[in-house]
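Just so it is clear, none of the values below were taken in a lab; they were calculated from the coordinates. Keep in mind the model is a prediction, meaning the values are calculated, not measured. Every residue, glycine among them, receives a Cβ derived from its backbone with ideal geometry; neighbour counts consider all protein chains shown.
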Amino acid sequence: MRVTSTGSPPRRLPERLRYAALALAVAGAQAHAQLFAPGEPKLLPPEQAFRLSARALDPATIEARFDVADGYYLYRDKLRFSVDPVGAAAAALPPGKPKHDEFFGDVEIYRGVVAVRVPLASAAPGRTLTLSADSQGCADAGVCYPPTHGQVRLTLPERAGKPGPFVEAARKGWFK
Amino acid sequence: MVQVNRRTFVIGGAAIAAAAVGAGVALWRPGRNAARDGAAVLAMVLPDADGREQALAQWRGKVLVVNFWATWCAPCREEMPQFVAAQARDGAKGVQFVGIAVDDVDKVRVFARELGLNYPTLIGGYGAIELSRTLGNDLAALPFTIVLDRQGRVVHTQLGPLKAARLDSLLADLAGAG
């Protein structure tokens with residue numbers, strides 16, 4: 001489509017003014033086509049593309065979980081977990097799928113469900129804690145999301161037994 | 001963002017033939033639903049890789065391609081060589097690419113050197129993502145590219161890579177029209 005640039009609106013005959021609204025609608029449709037090319041991917045917001053939840057496994061362990069939507073992936077080396085106020089020991093990240101990156105070299109990515117055991121620095125039976133997770137991922141459609149920050153608030157059990165229910169991350173504070 | 005409601009589309013569809021004869025593309029001008037005012041883009045002032053503040057307004061009057069990118073964004077890095085080529089090819093015609101990096105200056109410097117970047121890239125940090133949201137990047141994802149014509153109007157926004165053919169035809173239209 002040609003984009004012409006006229007400094008001032010052209011003069012119009014009165015009868016043509018009747019078409020002005022219609023023509024403007026056409027221009028609007030053209031603008032829509034121009035601004036949103038048909039090839040532009042339909043994309044999920046990051047909190048839906050990378051759904052974070054967590055559950056207490058026992059008084060000393062939280063399991064964090066990302067449900068990564070089809071067509072999206074997370075970078076393994078961008079995952080960070082912390083627990084407030086107790087503190088977390090190093091989380092054992094499961095192995096990812098290898099992916100070669102021209103700038104960063106060989107990296108690993110996660111697709112589908114990623115479950116990560118986050119051991120607490122010390123057991124905290126019955127306490128309510130906040131798990132924070134930093135992550136960064138992309139869509140196969142050709143976009144990447146900036147590092148995002150999710151939080152899940154959950155209460156640890158008094159004693160070991162059945163794992164607690166999964167708690168979804170709060171929406172707020174997603175962006176760093 | 002430009003919103004065109006269903007009714008407008010119906011009217012628009014019925015009017016296409018008439019408009020093609022009568023109104024034509026001359027109606028493409030700043031207006032409610034046509035090209036948007038790019039004043040918010042041109043109002044941006046960000047530091048370059050040497051820490052000097054750069055106002056985008058200095059490129060007013062050029063065909064300006066503003067590309068939000070980051071080194072951590074592989075699709076961004078993959079499309080940038082074509083921007084370098086287009087800048088070399090069309091720079092003399094008044095086309096100016098400007099990168100806005102959602103990134104640290106050190107990583108930007110390394111990548112710019114590796115790529116042989118021939119246009120300025122300003123350092124926005126993560127704050128630039130919020131900036132891009134105000135310019136229509138609702139999902140706050142990268143790459144995000146805004147094309148302004150010589151009159152400072154937004155004629156194209158693109159989330160995700162800008163295909164080479166699309167970029168070339170945009171630049172041919174805009175740089176030729178000046």
Legend entry - Ranked list, fewest to most other Cβ atoms within 10 Å of each Cβ, for A:ASP67, A:ASP84: A:ASP84, A:ASP67
Legend entry - Packing-based exposure ordering (other Cβ within 10 Å, fewest first) of A:SER135, B:SER169, B:SER132, A:SER53: B:SER169, A:SER53, A:SER135, B:SER132
Legend entry - Residues B:LEU131, B:LEU170 arranged by fewest to most Cβ contacts within 10 Å: B:LEU131, B:LEU170
Legend entry - Average other protein chain Cβ within 10 Å of Cβ, residues A:140-151: 6
Legend entry - Cα centroid separation, segment A:126-144 to segment B:134-174 (Å): 29
Inset, instruction - Give the dimensionless ratio obtained when the Cα radius of gyration of segment A:110-176 is divided by 2.2 N^0.38 Å. - result: 1.35
Legend entry - Within segment A:46-168: Cβ-based charge dipole about Cα centre, in debye rounded to nearest 20 (Lys, Arg +1; Asp, Glu -1): 440
Legend entry - Using a Förster distance of 45 Å, the FRET efficiency for B:LYS93-A:VAL113 (Cβ separation, nearest 0.05): 0.30
Inset, instruction - Only loop residues by DSSP count here, and only those with at most 11 other Cβ atoms within 10 Å; note down the GluC sites (Glu not before Pro) in segment A:62-163 that meet that. - result: A:GLU102, A:GLU158
Legend entry - Size descriptor, Kirkwood hydrodynamic radius, that averages inverse alpha-carbon separations across segment A:43-153, Å: 14.4
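In percent, how large is the relative contact order of segment A:46-168, given Cα pairs closer than 8 Å and 6 or more residues apart?
On the way: 307 pairs, mean separation 44.3, N = 123.
Result for segment A:46-168 is 36 percent.
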